[in-house]
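Q: Take this structure first; my questions come after.
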Amino acid sequence: MTAVTAAQAGLLACHACGLVHRAGHAAHDLDCARCGASLHFRKPDSIARSWALLVAAYVLIIPANLLPVMETGSLFGSEVDTIMSGVIFLWTSGSWPLAVIVFIASIAVPFSKLGALTYLLVSVQRRSTWAPKERTRLYRVLERVGRWSMIDIYVAAILTALVQFGGLMSIKAGPGAIAFGTVVVLTMFAAESFDPRLIWDTTEGKNGR
Ligand SMILES: [Zn+2]
């Protein structure tokens, strides 16, 4: 195969407007001729930025799961729920489809995203040449799934269930909800900072330039 990457050919595209520039191999402090955005072959400090955001997400996912995400008050007293206790409550009260949705959106998806992004970062840092196509596909899924893990899914599901049970006086978001929302946003930015072209750089290098 004689495929040449744009970077090897000294070409780089503006990340803002897409205009392709011929820059040679040492492109630093260059601005786009059309829109003025700064040009770079790969997202600058991609790995370091992704790691920083990812570590912050790892730290915050602990309070997100241990602190109450919701405090509800009724005539019969008040109750605080963590994500997991909410899932268990939904399950035991017979709303098992809601329990499954909340579990996937609030527990399975966020943890899988952190795991997948960690794997991508480690594999790129180790200059792995294994299954670049599959890893690129994993990244694409990761980006797309970001829109699915949103706190409002959880809140809406719990509220629907609670309203059905009646006798509800007050609902308040707990500190866990803030932590959870932050984890979702941090993970989205971490995935955004990661440059999937890094996956291919080691593979292309191995084939000889
Ligand atoms: Zn531009």
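The values are calculated or read from the model by the stated rules, or taken from the named source; none is laboratory data. If you're wondering where the values come from, they're calculated on a predicted model, not measured in any experiment. Every residue, glycine as well, gets a Cβ built from its backbone with ideal geometry; the counts of neighbours run over all protein chains shown. Heads up: the accessible areas ignore ligands, DNA and RNA and are worked out on the full protein's heavy atoms, side chains in. Shrake-Rupley method; radii C 1.70, N 1.55, O 1.52, S 1.80 Å.
Q: Which translational diffusion coefficient, to the nearest whole µm²/s, is obtained for the range 1-116 from the Stokes-Einstein equation, given a Kirkwood hydrodynamic radius over C-alpha pairs, 20 °C and 1.002 mPa s?
A: Values: Rh = 18.8 Å.
Answer, rounded: 114 µm²/s.
Q: Moving on to the next point. Please give the solvent-accessible surface of Ser93 in Å², to the nearest 10, using a probe radius of 1.4 Å with every protein chain present.
A: So the heavy atoms of Ser93 present about 40 Å² to solvent.
Q: How much accessible area per residue does the range 45-204 have, counting only protein heavy atoms and a probe of 1.4 Å, in square angstrom? Working shown, then result.
A: Working: 8550 Å² over 160 residues.
Counting only protein heavy atoms, the per-residue value for the range 45-204 is 53 Å².
Q: Let me ask another. DSSP loop (so not H, G, I, E, B), at most 14 other Cβ within 10 Å: list which trypsin sites (Lys or Arg not before Pro) in the range 1-70 pass both filters. It would help to have the intermediate numbers written out before the result.
A: Details: sites: Arg22, Arg34, Arg42, Arg49; in loops: Arg34, Arg42.
Within the range 1-70, the qualifying trypsin sites (Lys or Arg not before Pro) (loop, at most 14 other Cβ atoms within 10 Å) are Arg34, Arg42.
Q: Mind giving me the FRET efficiency for Glu79 and Ala108? R0 is 35 Å, r the Cβ-Cβ distance, nearest 0.05 is fine.
A: Details: r = 24 Å, r/R0 = 0.69.
Calculated value: 0.90.
Q: Quick one, what does Rg over Rh come out to for the range 45-204 if you take C-alpha atoms and the Kirkwood Rh?
A: On the way: Rg = 18.4 Å, Rh = 16.9 Å.
Rounded to two decimals, Rg over Rh is 1.09.
Q: Quick one: which residues, 5+ away or cross-chain, put their amide H under 5 Å from the amide H of Ala13? H built at 1.01 Å from N.
A: Those lying under 5 Å, H to H, from Ala13 are His21.
Q: For Ser95, Ser38, what's the largest-to-smallest order of accessible area, 1.4 Å probe?
A: Numbers: Ser95 20, Ser38 60 Å².
The most accessible residue leads, giving Ser38, Ser95.
Q: Turning to a different aspect of this structure: Using a 1.4 angstrom probe on heavy atoms only, work out the carbon and sulfur share of the accessible area of the range 45-204 in %.
A: Values: 5920 of 8550 Å².
Result for the range 45-204: 69 percent of the exposed heavy-atom area is carbon or sulfur.
Q: Now, a different point. Under 17 Å Cα to Cα from Lys113, which aspartates and glutamates show up? Leave out anything in the same chain fewer than 8 places away.
A: In chain and number order, the partners are Glu134, Glu143, Glu192, Asp195.
Q: Starting from the Cα coordinates of the range 51-112, work out the convex hull volume and express it per residue in Å³. Walk me through the numbers before you get to the answer.
A: Numbers: hull volume 4.7 nm³, N = 62.
Measuring per residue, one finds 76 Å³ for the Cα hull of the range 51-112.
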